[in-house]
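Here's the structure, in structure tokens; my notes come after.
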Amino acid sequence: MLAGVIFDFDGVLADSEPVHLQVFQDVLDQIGITLTAEEYYERYLGYSDRDAFAEVFRDRGVTMDAAEIEALLERKKGLFPRAIGDHTLYAGAAACVARVAGRVPIAIASGALRQEIELILDRSGLRDRFPVIVAAGETPRSKPAPDPYARAFELLRESGALRAGATPADVVAIEDSEWGLQAARGAGLRTVAVLTSYQRDKLPSADAWLPSIADVTLDVLDEVVSRARATT
């Protein structure tokens, strides 16, 4: 039986991936590095900001020390609130959160910064729905490592929100990238992919695929858990 749901944020609840790309491009352009949309979606979308910058520099053979990367992170952090503008949640996201939270505890495990997540949740009136948020820099490793999902599950369990005896296999992660799906599976969770950032063939680690967050129902989530249980 479904025990909980952990949402990714950008590209799942929030229509914000294009904004992150725009700000990454602006920051990198200032230091003479061009980042195309194709490169971003192919190589970097699933990483935290810090790891995305590090991967870009590694791919281009550019050496940046920790202080220089930190300065770029601060620049991106400063640009994001204005860049996000009126972008908020996807259509149907708030309704999905309400129906899922009415049945099981929910959390967020994201590579976005906490202030970025809370900015959009506050604007959408959903901040109180999420007692557990795991954001960038709050675990030893970011996605595709399992740490963010493992931490979110542990916080839900420590809070007493999960039913007694619930395991990660009773919890579903909702993701939009293969990096995130791998992180969730590595933490032992079941997975649902929404096809907002990639087509199905780019998301092979999912247990189920849906067009968008508006299509996520409790019946789908229950079926993912029960089907996985039946095959183990």
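List of remarks:
- Point-to-point label distance, D29-E68, nm (Cα→Cβ direction, 7 Å offset): 2.1 nm
- To the nearest 10, the accessible area of T34 is 100 Å² with a 1.4 Å probe.
- Largest to smallest accessible area among R60, R200 [probe 1.4 Å]: R200, R60
- Between helix 147-159 and the chain there is an angle of about 50 degrees, using the helix long axis and the longest principal axis of the Cα atoms.
- If you wrap the Cα atoms of the range 1-107 in a convex hull and average its projected area over all directions, you get 8.4 nm².
- With all protein chains in place and a 1.4 Å probe, the accessible surface of the chain carries 50 percent carbon and sulfur.
- Cα-Cα P(r), the chain, percent of pairs per 10 Å interval: 8, 35, 37, 16, 5, 0
- Between the range 73-92 and the range 132-201, the alpha-carbon center distance in angstrom: 23 Å
- The range 45-166 - accessible surface per residue (Å², probe 1.4 Å): 48 Å²
- In degrees, nearest ten, helix 49-60 long axis to first principal axis of the chain (Cα): 50 degrees
- For L210, the amide hydrogen comes within under 5 Å of the amide hydrogens of A193, V194, L195, counting only partners 5 or more places away or on other chains and with H modelled in the peptide plane.
- Options A150, V225, G46, ranked by Cα towards positive dipole end of the chain, top entry (Cβ charges): V225
- Taking each residue as 0.36 nm, the span from A164 to R229 lengthens on full extension beyond its C-alpha to C-alpha distance by 21.6 nm.
- Taking label positions 7 Å along the Cα-Cβ direction at both S212 and E38, the computed distance is 2.7 nm, reported to one decimal.
The values are calculated or read from the model by the stated rules, or taken from the named source; none is laboratory data. Since this is a predicted model, take the numbers as computed values, not measurements. FYI the Cβ positions are ideal-geometry reconstructions off the backbone, even for glycines, and counts take in every protein chain you see. Please note that ligands, DNA and RNA were not included when accessible areas were found on the heavy atoms of the full protein model with its side chains. Shrake-Rupley method; radii C 1.70, N 1.55, O 1.52, S 1.80 Å.
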